[in-house]
1. So how strong a dipole does the chain carry about its Cα centre when Lys and Arg Cβ are +1 and Asp and Glu Cβ are -1, to the nearest 20 debye?
2. Grab the beta carbon distance between residue 74 and residue 36, set R0 = 41 Å, and tell me the FRET efficiency rounded to 0.05.
3. Using modelled backbone amide H atoms (1.01 Å from N, in-plane), which distant-in-sequence or interchain residues come within less than 5 Å of residue 9's amide H?
4. Which ³J(HN,Hα) values in Hz, rounded to whole numbers, follow from the phi angles of segment 116-123 under the Karplus curve 6.51 cos²θ - 1.76 cosθ + 1.60, where θ = phi - 60° and Gly and Pro get x?
5. Under a 5 Å amide H to amide H cut-off, with H placed in plane at 1.01 Å, what residues pair with residue 102 once short-range neighbours are removed?
6. So for segment 1-101: antiparallel DSSP bridges make up what percent, rounded to the nearest 5?
7. Would you mind computing, in nm to one decimal, how far apart the modelled labels at residue 86 and residue 105 are, each placed 7 Å from Cα along Cα→Cβ?
8. What does the charge count around residue 124 come to, taking other residues whose C-beta lies under 14 Å from its C-beta (Lys +1, Arg +1, Asp -1, Glu -1)?
Amino acid sequence: MGAKIKKGDLVEVITGRTADQKKIDARNKTRAEKGKAPLAPGDKGKQGVVIEVLRDSDRVIVEGVNVRTYHVRQGQSAQGQVTGGIEHREAPIHVSNVALVDPDTKKPVRVGFKEVEVERDGRVRTQRVRVARNGDKPGKEL
């Protein structure tokens, strides 16, 4: 699964709490009637570029998605500068919760592979290429 997503790919979050404001307002209205606290919006539907792929844990870090607040302790560096404070950083997301985005339609697509014969240095080699699977239509390379 990790081979489908690479650094620099555009992906969309497909599972989790929604970011649609109309749905959030409707959900929080029913929660208010029950006397519960409102819930914050999530990241579902957001798109971003993959910053890093963590293959050992099957997770990706996506720019602007799953942003967490870290309280960094002040410390001394070799140059005598003191750093610290509150930082906002992207946290990893499991690869099953994101989908590659087709660059033409800007919609998430399923991804498969096809084997293509490529000639390099006078030799013919078989190479796997990512393709978008769009139902019955032939896939295009991503």
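1. In debye, rounded to 20, the chain gives about 540.
2. My answer for the efficiency is 0.60.
3. 50
4. Karplus values, whole Hz, x for Gly and Pro: 10, 8, 10, 9, 10, 6, x, 10.
5. For residue 102, whose amide H was placed from the backbone, the distant partners under 5 Å are 107, 109.
6. 95 percent
7. Taking the two extended label points, one gets 4.1 nm.
8. That works out to -1.
Values quoted throughout were computed directly from the atomic coordinates according to the rules given, and no laboratory measurement underlies them. Because the structure is predicted, anything quoted here is derived from the model rather than measured. Virtual Cβ from ideal backbone geometry, glycine too; neighbours counted across all protein chains shown.
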